[in-house]
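Worksheet: the structure to be examined is printed underneath.
The values are calculated or read from the model by the stated rules, or taken from the named source; none is laboratory data. Since this is a predicted model, take the numbers as computed values, not measurements. Because the Cβ atoms are built from the backbone with ideal geometry, glycine has one as well, and the counts that use them run over all protein chains shown.
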Amino acid sequence: MTDSPLRFRDDAPHEEPAVTLDAFLGQTNATAVRIEPGDDVRALLPHLGQLALIEVAFPAFRDGRGYSAARILREAGYTGELRAEGDVLVDQILPMRRCGFDSFAPRTEIDSATLKASLSRYEHVYQGAADGAVPVWKLRHGQSRP
Amino acid sequence: MYQYDTYDQSIVDSRVEEFRDQVQRRLSGEITEDQFKPLRLMNGLYLQLHAYMLRVAVPYGTLSGTQMHMLAHVARKYDRGYGHFTTRQNIQYNWIKLDEAPDILAELAKVEMHAIQTSGNCIRNISSDQFAGAAADEVADPCPWAELLRQWSTFHPEFTYLPRKFKIAVIAADEDRAAMRLHDIGIQLLRRDGQLGAKIFVGGGMGRTPMIGPEIKDFVTADDLMSYLEACLRVYNRYGRRDNIYKARIKILIHEIGATEYARQVEEEFTHVKTLGIDPPLAELERISAFFAPPAFDADAPDTLDRSDPDFAVWVDQNVRPHKQPGYAIVTISLKPTEGIPGDASADQIDVMADLGARYSFDELRVTHAQNIVLPHVRKADLYAVWQALDAAGLATANLDLIGDIIACPGLDYCALANARSIPVAQKIANRFADLQRQRDLGELKLKISGCINACGHHHAGHIGILGVDKKGIENYQLSLGGSGAEDASIAKITGPGFDEDGIVDAVETVTNVYLERREAGERFLDTYRRVGMEPFKVALYG
């Protein structure tokens, strides 16, 4: 599982199942939580230190709330595994990576060759996000690091 | 105007390659139509009644002669020899084949053009004032800001699956020539204590529930703008409705939680986002602004005009506007000939306009949200030659802002969403009022026609608005009066029961007659309506 093409982390995958947000906020020892599109992910901010896995649900790929949830978590300093789960299609993985997701549990299988091509296609990005890619405006003005 | 550097070009080229791959996977059946749909929409490719329609972006409505020639080439090679300029300053081609779409994008990329995000639930083309850089009343050229926002919004990873489409307009004058208040985000540049910044309006829009965007922030500086807009979009992405596509625009969110609460949430998010360092330095706006420096105007250009040709004089009076530089003028080319389709131009006509832009307007043209074309910087001494060339190409209709200058959506003839045909109604009205003298007597009269409730023809913002509906299988047209997309923004009001296709033409004539009877000195149709109210018009229409 550590060398799964859909996991972009070096550490061992987290074993504990993810509990719901309500359950997590009621428990003191859970280390994995699952966020639904309507959940306010900022409720987790005081607890990021105890979390090893946050799974963000994408019941329908058109519902883009999870992209904001991911960025908010990374902006708050969360360094654990951030997984996109559900209706995740290969063409969404790149923007999801940019928003800070580092593992993916798609409902339907993703072709790894298509994914590899997709992730390496864009050399440059226009805007800063959660992935540390340097936006072109920085390159234009002499900054090559995020 | 802006020119790509290697970074811009690399991004567009990669997109072409990506789209080619996506089309290939669609054609091979590797992905379903449902999975392919958002991907093709993000490249402006719609599936319409007869064929695919491709909407090519014209960022803030600005393009060069070379780019205009490319648009003609696409029309000729890949379509049926014409294109349609839209109410968002873009161009649409109605007869595209799916397997040729990647080639079209590849050709466009060679001249720094694309079809990125001209559809889909993402941030769309940033629109602006068609007189940017030429009008005397602007505090600064809004186009550099629009370019900055184009880059910020292109492939923005967080805002790729918004609840609904998102439209932003930037202007820089008190006179609103871009319907800014009717956008999801409207931005007006202004100066405060000598510093250039922006006033932000959020929650305007047309569609089923037209709304005028309330002011959310009175002043944002250039180096805070990106963070502020990021906050605006993030609040929308998180809290915009996703349960009902007719209630999913940001205007509904603002209507439901109130502008004050929305502004508060944005401010909170902005305080956080500002710490992330996503705002480019002022040096980036300056870099972009250098591309928009005023052209090399001839300071000695003669300011007089020989008006001895009466047809030329009529055209000058109607279609030519003052330029901030003495000796120059702003030309609007009307794409609303009486017998034509509003906003359409043939490939040959597009080539003529491209040549005129290159030769007489410092190689710059604009598309207006009223579906016309502007040559922003023409020497007065060249106006006659320009007019003669336009006249020879059937492009010299002198009806700018008159009743013949109709905004109309493509309607049921082309669009899968439409309930009624809008083009024949536009043509019948244009014919009824074909007499130019009659049009000039009526004066400024913005007539807008939509073929369905989605309001792509902006009928809510028409001095006279017409909405085509389907009434038990028969086309029916509702008449509304008193809308405005200018700085005096207002939503038009329905007069009463609708009319059939001939009835609506008579109804339009009836209301213009009421105006002629009732008007006082200096009043436009809109002014008379605002003074006398709906009652006299209702009485004339319905008895």
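Structure above, values below:
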| item | result |
| --- | --- |
| Any hit, the stretch B:39-56, residues being assigned to a strand (DSSP E or B), free of Cβ contacts under 8 Å to residues at least 60 places away in the same chain and not assigned by TED's automatic domain parsing to the domain that holds B:GLN151 | yes |
| Test for B:ALA426: is it surrounded by fewer than 20 Cβ atoms within 10 Å (Cβ to Cβ) and small (Gly, Ala, Ser) | no |
| Subset of the stretch B:274-304 that is assigned to a loop (DSSP other than H, G, I, E, B) and among the charged types (D, E, K, R) - its residue that is farthest from the other protein chains (Cβ to nearest Cβ) | B:ASP303 |
| Pair list, Cβ < 6 Å and 6+ apart or interchain, from the stretch A:117-146 residues that are farther than 18 Å from A:PRO95 by Cα and without any contact (Cβ under 8 Å) to a residue 12 or more places away in the chain to residues that are crowded, with 19+ Cβ neighbours inside 10 Å and not aliphatic (A, V, I, L, M) | A:TRP137/B:PRO280; A:TRP137/B:GLU284 |
| Criterion: under 30 Å from B:ILE96 (Cα atoms), touching a helix residue (DSSP H, G or I) at 6+ places or on another chain (Cβ under 6 Å) and of a type in the set (Gly, Ala, Ser) - qualifying residue of B:ALA416, B:ALA393 | B:ALA393 |
| Residue check for B:ALA198: in a helix (DSSP H, G or I) and small (Gly, Ala, Ser) | no |
| Any chance A:PRO46 is more than 14 Å from chain B (Cβ to nearest Cβ) and without any contact (Cβ under 8 Å) to a residue 24 or more places away in the chain | yes |
| Residue, nearest to the other protein chains (Cβ to nearest Cβ), within the stretch B:149-169, restricted to residues that are more than 11 Å from B:ILE126 (Cα to Cα) and assigned to a loop (DSSP other than H, G, I, E, B) | B:TYR161 |
| Scope the stretch A:126-146; condition at the interface with another protein chain (Cβ under 7 Å from one of its Cβ atoms) and of a type outside the set (Lys, Arg); matching residues | A:TYR126, A:GLN127, A:GLY128, A:ALA129, A:VAL136, A:TRP137, A:LEU139, A:HIS141 |
| Unmet criterion (only one of (1) modelled with pLDDT of 95 or more; (2) crowded, with 19+ Cβ neighbours inside 10 Å; (3) within 14 Å of chain A (Cβ to nearest Cβ)) for B:GLU17 | (2) |
| Residues located in the stretch B:449-466, provided they are among the aliphatic types (A, V, I, L, M) and assigned to a strand (DSSP E or B) | B:ILE449, B:ILE464, B:ILE466 |
| Residues of the stretch A:51-91 classified as assigned to a helix (DSSP H, G or I) and modelled with pLDDT under 95, total | 2 |
| Lone qualifier among A:GLU123, A:GLU109 - being among the acidic types (Asp, Glu), surrounded by fewer than 17 Cβ atoms within 10 Å (Cβ to Cβ) and within 11 Å of chain B (Cβ to nearest Cβ) | A:GLU123 |
| Considering residues of the stretch B:126-147 that are in a loop (DSSP other than H, G, I, E, B) and touching a Ser or Thr at 6+ places or on another chain (Cβ under 6 Å) only, the residue surrounded by the most Cβ atoms within 10 Å (Cβ to Cβ) | B:PRO142 |
| Test: B:TYR246 is surrounded by fewer than 19 Cβ atoms within 10 Å (Cβ to Cβ) and in the same structural domain as B:VAL139 (by TED's automatic domain parsing) | yes |
| Test: residue in the stretch B:283-292 that is more than 26 Å from the chain's Cα centre (by Cα) and of a type in the set (S, T, N, Q) | no |
| Residue match in the stretch B:420-441 (condition: outside the structural domain of B:VAL378 (by TED's automatic domain parsing), under 21 Å from the mean Cα position of the chain (by Cα) and part of a strand (DSSP E or B)) | no |
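Let's see how each residue does on (1) away from chain A (no Cβ under 14 Å); (2) out of contact with any Leu (no Cβ under 9 Å at 6 or more places or on another chain); (3) touching a residue at least 40 places away in the same chain (Cβ under 8 Å):
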residue: B:ILE91; (1), (2), (3): yes, no, yes
residue: B:ASN94; (1), (2), (3): yes, no, yes
residue: B:ARG124; (1), (2), (3): yes, yes, yes
residue: B:ASP137; (1), (2), (3): yes, yes, no
residue: B:ALA140; (1), (2), (3): yes, no, yes
